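Shown next, in structure tokens, is the structure this report addresses.
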Amino acid sequence: METKELDLDEIEKIIESGNPSGFLGVIETSYFEFREKPYYPDNEHNTVSREKSRLELLKDFSSVANSGGGYVVIGLKPKLDPSKFNLEFVDEVKGVKQESIKLQSWLDTLSSFLTPSFQSGFLNYGFIGSKENQVFWLKVPDAKDIGCYPFILNKDQWVTEDNSLLHGRLLGVYFRDGAENKHLLSAEKIQESIAYTLSGKKGKLSEQSFSGLEAKIDQILALQNVSPTKTLDLESKKKDILTRFSERLDQDSDFFYLIAVPEKPVSVRDFWLKGENTLYELIKDPPTLRHMGWDLHTAMSEYPEPKGTAWESTNGDRKIVYVDKDGVIAVGGTIQEFLDWGLNRDSTSDVLNINAFALVEFITSYFNFLTAYAKKFVQSSLNYQVYGGFSLRLNKKYRLVFTMGENGKPAFFSQQSNEIDQNEWDFGVCSPIFENSTQPFAANLVSTIYASGFGYVEDSPPYLVKKEKSWVINEEAYTKAS
């Protein structure tokens, strides 16, 4: 079945049509939650089932409301779509019996366990479809529109009679992250921060606790500036990142980019936490070959910031590092005033220069970062699809200039390539957790850019060296250049 993603207006049109078959193939999103079976928050026969159902109801409703509102539809059977990061889509209209929809019980649960109290007047609902195959829909309002932002789950101790269910760590604020409910601000974090402050302890745990709290608050604020967006497949993800880079980087410059997309989403624990051994610290202080090289480092005053569902780190408008919650890793660097190393300032030619030494170091720094990320946060042989290229917004004519020798010193005669003939590539699949795989992959990527991009083919490609029968980046040339 071909899957699709609908916006809010398209979801409403299906409901207005009264035909639930319109939901077939539709992917779950931040504003469209669907279930095959109803919630059972008053199940008298099974305590565990009742408590789990209560939690699902509270998380679904509060997260959708806190994220701008949307629809919950019941009676639709889900299936996973592997081409879209295993997101659920509607595989079949199963229908639901009217007597199984205990709306008043749901309202009682929402009223009792959410602050502010969720009122019945907040909801619109109904059935659509034939009597034998009807589904139930609920329209969840935007919490801001009804003056209840944010809804907070106010009960934290979900202990059953036989003590068989999770308890604690549940109170807090929930938001939608794509099709998932995310616990972005918990009572546990707030309480921990306050307790350590009142006790006068100033150790690393206290600092890290506050850093995590601060990051989550930053993320909540960042999410408020993001409209519900459609879930992205690989091509859409690439397009979205390039649009983002075009907006962030110098408008008077072309830029080079690399994007690595995992074969399935990566879940990084404590993604928004700041402090020692966190993703934030890796982005803030990425691996480098030398001091003041063409790497991913940014100015000390420009720390990583949460932007929607990603961390972003920029160095003015010259380079950008992007890491999102799906595990997508992307970087961009301008040609003008960064990768051209001043080579075009006095040029009168309409063919502009790119410093190959700078470009290769930037590529190397990217793959060293990708490897460090995979080893620390992925810890498995997950494959990444790697894209890259030059976004040529201003000038279409470039060539590579090889200004440095393999000894790290300026070349006596600078070699030049032909004019650029290809400016974007799908470089294939890489497993970054294995350095002995990543290093040859990076070297092959450089060779591909040399040959197919600029028509530059040599038996010994500049800034590459043979190591155990494979070409790798000649990192020694960069350490010597420092």
*Spin-label point model (7 Å from Cα, Cβ direction): what's the Ser267 to Lys155 distance in nm?*
2.5
*Among the listed pairs Lys237/Lys274; Lys37/Lys131; Lys37/Lys77; Lys13/Lys264; Lys182/Lys376; Lys325/Lys375, those beyond 20 Å (Cα-Cα)*: Lys237/Lys274; Lys13/Lys264; Lys182/Lys376
_Rounded to the nearest 20 debye, what is the charge dipole size of region 1-64 about its Cα centre when +1 sits on each Lys and Arg Cβ and -1 on each Asp and Glu Cβ?_
340
*Using the charge dipole of region 416-482 (Lys, Arg: +1 at Cβ; Asp, Glu: -1 at Cβ; taken about the Cα centre), state which of Tyr456, Val429, Trp471 has its Cα farthest towards the positive end.*
Trp471
*Calculated Rg and Dmax of region 237-285 using C-alpha coordinates, Å*: 14.2, 38
*So what J values fall out for region 399-408 if you push phi through Karplus, 6.51 cos²θ - 1.76 cosθ + 1.60 with θ = phi - 60°, rounded to Hz, Gly and Pro as x?*
9, 8, 10, 9, 7, 10, x, 5, 8, x
*Measure off 7 Å from each Cα along the Cα-to-Cβ vector at Asp42 and Leu392, then give the distance between these two points in nanometres to one decimal.*
6.8
_P(r) for region 234-481, please, calculated from all Cα pair distances in 5 Å bins and given in %._
1, 6, 14, 19, 21, 18, 12, 6, 2, 1, 0
*May I ask for log10 I(q)/I(0) of region 8-183 at q = 0.13, 0.14 Å⁻¹, from a Debye sum over the Cα atoms as equal point scatterers with solvent left out?*
-0.65, -0.76
_Nitroxide proxy distance, nm - points 7 Å out along Cα→Cβ at Lys77 and Glu458_ = 6.2
_Residues in region 324-338 that a label on Asn315 would reach, taking backbone N under 20 Å of a point 7 Å out along Cα→Cβ_ = 324, 329-338
*Do you know the relative contact order of region 234-481, to the nearest whole percent, from alpha carbon pairs under 8 angstrom that are 6+ apart?*
20
*May I have the extent of the alpha carbons of region 355-427 along their three principal axes, as whole Å values ordered from largest to smallest?*
44, 32, 17
*Sites Ser130 and Lys102, calculated FRET efficiency, Cβ-Cβ separation with R0 25 Å, nearest 0.05*: 0.65
*Which of the lysines could a cross-linker span from Lys155 if the Cα-Cα distance has to be under 16 Å and same-chain partners fewer than 8 positions apart are dropped?*
Lys52, Lys59, Lys189
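Values quoted throughout were computed directly from the atomic coordinates according to the rules given, and no laboratory measurement underlies them. Only a predicted model underlies this, so the values are computations on that prediction, with no experimental measurement involved. FYI the Cβ positions are ideal-geometry reconstructions off the backbone, even for glycines, and counts take in every protein chain you see.
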